[in-house]
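Okay, so here's the structure we're looking at.
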Amino acid sequence: MKRTRGFTLIELAIVLVIITILIGGLAMPLSAQIQARRIAETKKILEEAREAILGFAMTNNGSSATNRRLPCPDIEGDGTESLGNLGTRCASSRGFLPWVDLGVANQDAWGNRLRYEVDRDLADPNKGFATAVSTAFPALTICQTHSCGVTVATDLAFVLISHGPNGWGALNINGKTLAPPSGDDEKDNVVDDNDLIYVSRSATKADATDGEFDDLLVWLSYYQLVAKVCPTGSDCAP
C-alpha cells in the first residue's frame, strides 16, 4: 500500500513566508488607495465648504440691504460663527469653519476640523461688502513656502485648510488638538500662527528638504468673491 506523504515543517515554513510576502505586497497598494480616496474626499469637502460660504454671502446682509457678508470663523468649537460683543464684527478673523451655519461636513476625511480665516471687514455685520464698498485688504496670502519666495495668490477673501493625513496641528472632532507640525511650511497653516501667510504646495515626505507637508487648501480672492456674489445687475452691484 502506497503511503501519502505530508508536508514537512520546512516546507510549511516556506509556504508561510511566501504567503506573508504576498500579503505584504498587497497591503501597501491597498493602503495607498485608501489614502488617495481620503484625499479626494477631503478635496470634495473643501470645495463644498467654499460653495457653502458663497451661498451664505448671497443670503446674508451687512450694514445695508445691498451689502453682503461672509461668515465669521467658529472659535468656540460648536460649529457656529463667533461674533463679537452685541453681534459686532467677528470675534476673530481665524478659527474653524462654522459648519452648522453652513450646513456642510463637520470634518475632513481624517476626522479633523477645517480651519478658516476670513478678511474681517468682509464678514463684519456692520459693514460687509458690495461692488461699491471700498475694502482695505490685509496681506492674506498663499505662498509656495513659509518664506514666501513665490506667491500663489493674494488679496484673499478667505482660506480653508485641512491638515491632511498627518493631522499635525489639527483639532479633531473630539476636541483634542493634535501634535504641532514640525516643518515650517505646515506651521504657517495652524490657527495660532500670527502671520497672514498660508502655504500650498505638493505633498512631500519627512526626509524632503522642506520637511513633511500634506496640507490641503482652497481659497477665494476678493475679486472672485464679488464677481460671484455681486454680478452686474444684482442689488449689491452698482
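The values are calculated or read from the model by the stated rules, or taken from the named source; none is laboratory data. Predicted model only: the values in this text are computed from it and were never measured. As a convention, Cβ positions derive from the backbone with ideal geometry for all residues, glycine included, and neighbour counts pool all protein chains shown.
When residues in segment 216-238 are screened for being under 22 Å from Leu114 (Cα atoms) and touching a strand residue (DSSP E or B) at 6+ places or on another chain (Cβ under 6 Å), 8 of them pass.
For segment 79-94, the criterion of a residue being within 28 Å of Ser221 (Cα to Cα), at pLDDT 95 or above and in contact with a Ser or Thr (Cβ under 7 Å, 6 or more places away or on another chain) is satisfied by no position. Of the residues that sit in segment 134-144 and are in a loop (DSSP other than H, G, I, E, B) and within 17 Å of the chain's Cα centre (by Cα), which one is surrounded by the fewest Cβ atoms within 10 Å (Cβ to Cβ)? Going through the qualifying residues, I end up with Gln144.
Across segment 155-169, the number of residues qualifying as small (Gly, Ala, Ser), touching a residue at least 40 places away in the same chain (Cβ under 8 Å) and in a loop (DSSP other than H, G, I, E, B) comes to 2.
Residues of segment 170-186 that are outside any loop (DSSP other than H, G, I, E, B), surrounded by fewer than 17 Cβ atoms within 10 Å (Cβ to Cβ) and either touching a His at 6+ places or on another chain (Cβ under 8 Å) or not hydroxyl-bearing (Ser, Thr, Tyr) (or both): Asn172, Asp184.
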